[in-house]
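Participant: My structure is below; once you've seen it, I'll send some questions.
The values are calculated or read from the model by the stated rules, or taken from the named source; none is laboratory data. Note that this is a predicted model, so its numbers are computed, not measured. So basically every Cβ, Gly included, is an ideal-geometry build from the backbone, and we count neighbours across all protein chains shown. Ligands, DNA and RNA are excluded from the accessible area calculation, which covers all protein heavy atoms including side chains. Shrake-Rupley method; radii C 1.70, N 1.55, O 1.52, S 1.80 Å.
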Amino acid sequence: MKSQEMRKLAPELDPLRIGTGWKPEELAMPQVIIESTAGDSHPGSGHLHILVDEVKKGIAEAGGHGAKYFCTDICDGESQGTDGINYSLASREMIANMIEIHANATPFDAGVYLASCDKGMPANLMGLFRVNIPAVVVPGGTMNAGPEMLTLEQLGMYSAQYERGEIDENRLNWAKHNACPSCGACSFIGTASTMQIMAEALGLALPGSALMPATSPDLLNYAREAGKQAVKLAKMDNMRPSDIVTMDSFENAILVHAAISGSTNCLLHLPAIAHELGFEITGDTFDRLHRGAKYLLDIRPAGKWPAECFYYAGGVPAIMEEIKDHLHLDVMTVTGKTLGENLKELKENGFYERCEKWLQKFNERYGISITRQDIIRPADKAIGTDGSIAVLRGNLAPEGAVIKHTACPKEMFKAVLKARPFDSEEECLDAVLKHRVQKGDAVFIRYEGPKGSGMPEMFYTSEAISSDKELGRSIALITDGRFSGASTGPVIGHCSPEAADGGPIALVEEGDLIEIDVMERKLNIIGIKGERKTPEEIDAVLAERKKNWKPRELRYKSGVLRMFSEHAASPMKGAYLEF
């Protein structure tokens, strides 16, 4: 094993590890790095140290020794509304960098990676591919819903209602105090939940382990089993992540993404993860696989129920059973078995019966009576049959832009709107809340892409629009930034090339006519100052505007965001660092 080879090369290694608390007999065991985002940064990471301890016990039971390493993630929710959110996407790169440093600076034979949330989970997936030792992922689970089945993504709605005078401060405070009643990722299919599900769909987490309630004793058992499995993998040939995960694995994950109506941020993360393996995944890959795909999951924000119900209905395995005819069942997984073998084994070992017992307890808690089929629809009774996202292209977004059409009002699937450009979210949000935005407007927020400001979420603005009964069905929000996985409404993000690179979104002027056609995948400028023009006339106007356009000075002159703004790939490529 690599660890034993390194012991021979570096005589200092043994005494230094003994000084850290290792026993001499543990030095010869398979050595497993336990990498996590544990810390007090937010509920999704606040409990991971408990799971880390369970992983370490499992490693010891299997005859190995586990070493704990940490690189805590940040919380988009805690930094919303401030420039702190600009660090969010860049943090993915930094966590992946630290995992690479931790595991490559010292010898390990296998790894277990624990994370729950938006950037922590994709960062760990990127990092484990760079390290490329046998690895198991432990998703950190989801928090419980609060009273009245309250979940955090509804807070933006409460806040916008308060700003408009529709509710009082007491009701707003009630929502604030009850929206996060436990540890775990936020209880809806946002980016955190989506990426936990992607880890299992790629075959890197134990079957059934993604997005369990973080307070469930079942999750502790999964963590311990992950530790045991890591030691087994360390002793096996051809079980590194690069051996297990293929392009077929990524296609499986994208089909699951369609079935769950996953976050649009997955279009940033899966391409960046695939890039670590040398695979190219683009927005077109998502669009191709989503077309005709079954959308099955009735969980918020696009659906009805909180995310803890996902496990009660059978989790990723239940989703996969419904779309099994479209999956590559022969792909390998961290169990050492194929996906098809895993699905068969789960049906035989009582997995779904255990899930059903938890569902009955949920029903008792809220005085309701829902079934598994109410949460994960059968394929023949799908909620939708065209996936959940679409990638739009045209002279406004030559490289593409993404919309989550399952969360968009049907009225906005095809529209011609009048452009209202803003060069920051703050300006735009103020205009929306003060009713300076009107029906029929195409509201632009630009210079918020990776190179512009770090690509923050436009969460408050999207919530202010979608919670407005009139605006939510009559305007669109278009940005080179991104949206929260909780965002709903007529919102189009990742517009590429971004404004900071001189993309067409930087050239839009007040009164331009904007064409949106979701079914035809179009996003175009079709008129100037309210008057329709031919495509050739539009091209000529944009060319003239481009001559007069000047790049902006870098917003950040030093530090992480300076590096990110100089080296980030375009949004539709995944915004990973290009050197």
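Participant: So which of A253, A258, A293, A272 ends up being touching a strand residue (DSSP E or B) at 6+ places or on another chain (Cβ under 8 Å) and either of a type in the set (K, R) or in contact (Cβ under 8 Å) with a residue 24 or more places away in the chain (or both)?
Facilitator: The conditions single out A258.
Participant: Considering only the stretch 374-395, state which residues are outside any loop (DSSP other than H, G, I, E, B), touching a helix residue (DSSP H, G or I) at 6+ places or on another chain (Cβ under 7 Å) and either open to solvent by 60 Å² or more (accessible area, probe 1.4 Å) or aliphatic (A, V, I, L, M) (or both).
Facilitator: I375, I376, A379, A390, V391, listed by residue number.
Participant: Check S209 against each of (1) within 20 Å of G350 (Cα to Cα); (2) under 16 Å from the mean Cα position of the chain (by Cα) and name the one condition it does not meet.
Facilitator: (2)
Participant: Can you tell me which residues in the stretch 496-522 are more than 27 Å from C117 (Cα to Cα), under 24 Å from the mean Cα position of the chain (by Cα) and open to solvent by less than 10 Å² (accessible area, probe 1.4 Å)?
Facilitator: Across the stretch 496-522, the qualifying residues are A499, V518.
Participant: Of all residues being under 26 Å from the mean Cα position of the chain (by Cα) and of a type in the set (S, T, N, Q) in the stretch 467-481, which is most open to solvent (accessible area, probe 1.4 Å)? Just the residue, please.
Facilitator: My answer is S467.
Participant: Let me ask you something else. Could you please let me know if G227 is closer than 21 Å to K119 by Cα and either more than 14 Å from the chain's Cα centre (by Cα) or among the β-branched types (V, I, T) (or both)?
Facilitator: When the stated conditions are applied, G227 does not pass them.
Participant: Quick check: anything in the stretch 329-345 at pLDDT 95 or above, more than 25 Å from A230 (Cβ to Cβ) and polar (S, T, N, Q)?
Facilitator: No - not one qualifying residue is present in the stretch 329-345.
Participant: For the stretch 522-579, name all the residues that are within 18 Å of S453 (Cβ to Cβ), among the hydrophobic types (A, V, I, L, M, F, W, C) and assigned to a helix (DSSP H, G or I).
Facilitator: Matches in the stretch 522-579: V560, L561, M563, F564, M572.
Participant: Pick out the one residue from G485, G452, G493, G489 that is in a strand (DSSP E or B) and buried (at least 23 other Cβ atoms within 10 Å of the Cβ).
Facilitator: G493
Participant: Going by the structure shown, is E463 acidic (D, E), touching a strand residue (DSSP E or B) at 6+ places or on another chain (Cβ under 7 Å) and closer than 27 Å to A160 by Cα?
Facilitator: Spelling it out, it is not the case that E463 is acidic (D, E), touching a strand residue (DSSP E or B) at 6+ places or on another chain (Cβ under 7 Å) and closer than 27 Å to A160 by Cα.
Participant: Considering G77, G81, which residue is at pLDDT below 95, outside any helix (DSSP H, G or I) and within 28 Å of the chain's Cα centre (by Cα)?
Facilitator: G81
Participant: Further, regarding this structure: Name the helices (runs of 4 or more DSSP H) wholly within the stretch 1-73 that hold at least 2 residues that are within 21 Å of K228 (Cα to Cα)?
Facilitator: Of the helices (runs of 4 or more DSSP H) lying wholly inside the stretch 1-73, those with at least 2 residues that are within 21 Å of K228 (Cα to Cα) span 2-9, 48-61.
Participant: Out of R420, R436, which single residue is part of a strand (DSSP E or B) and open to solvent by 30 Å² or more (accessible area, probe 1.4 Å)?
Facilitator: None of the other options fit; the residue is R420.
Participant: Only residues that are open to solvent by 40 Å² or more (accessible area, probe 1.4 Å) and closer than 19 Å to M1 by Cα: list them for the stretch 17-38, please.
Facilitator: Result: K23, P24, E25, A28, M29.
Participant: Is it true that some residue in the stretch 351-367 is touching a residue at least 60 places away in the same chain (Cβ under 8 Å), of a type outside the set (F, W, Y) and open to solvent by 20 Å² or more (accessible area, probe 1.4 Å)?
Facilitator: Yes, the stretch 351-367 contains a residue that is touching a residue at least 60 places away in the same chain (Cβ under 8 Å), of a type outside the set (F, W, Y) and open to solvent by 20 Å² or more (accessible area, probe 1.4 Å).
Participant: For the stretch 70-118, enumerate the residues that are open to solvent by 30 Å² or more (accessible area, probe 1.4 Å), touching a strand residue (DSSP E or B) at 6+ places or on another chain (Cβ under 9 Å) and within 16 Å of R482 (Cβ to Cβ).
Facilitator: D118
Participant: While we're looking at this one, here's another question. Modelled with pLDDT of 95 or more, assigned to a helix (DSSP H, G or I) and closer than 24 Å to E225 by Cα: does that describe I99?
Facilitator: yes
Participant: Let me ask another. Being under 28 Å from the mean Cα position of the chain (by Cα) and surrounded by fewer than 11 Cβ atoms within 10 Å (Cβ to Cβ) is the filter here, so list the residues in the stretch 531-579 that pass it.
Facilitator: Answer for the stretch 531-579, where residues must be under 28 Å from the mean Cα position of the chain (by Cα) and surrounded by fewer than 11 Cβ atoms within 10 Å (Cβ to Cβ): S558, G559, F579.
Participant: Using beta carbons and a limit of 7 Å, which pairs, at least six apart or on different chains, have the first residue in the stretch 81-101 and farther than 25 Å from A135 by Cβ and the second one of a type in the set (A, V, I, L, M) and open to solvent by less than 50 Å² (accessible area, probe 1.4 Å)?
Facilitator: Once the first residue is farther than 25 Å from A135 by Cβ and sits in the stretch 81-101, its partners that are of a type in the set (A, V, I, L, M) and open to solvent by less than 50 Å² (accessible area, probe 1.4 Å) give N86/L561; Y87/L561.
Participant: Tally up the residues in the stretch 439-449 that are closer than 11 Å to D480 by Cα and outside any loop (DSSP other than H, G, I, E, B), please.
Facilitator: 2
Participant: Which one of these is over 17 Å from C266 (Cβ atoms) and in contact with a Pro (Cβ under 6 Å, 6 or more places away or on another chain): A431, A397, A476?
Facilitator: After applying the criteria, what remains is A476.
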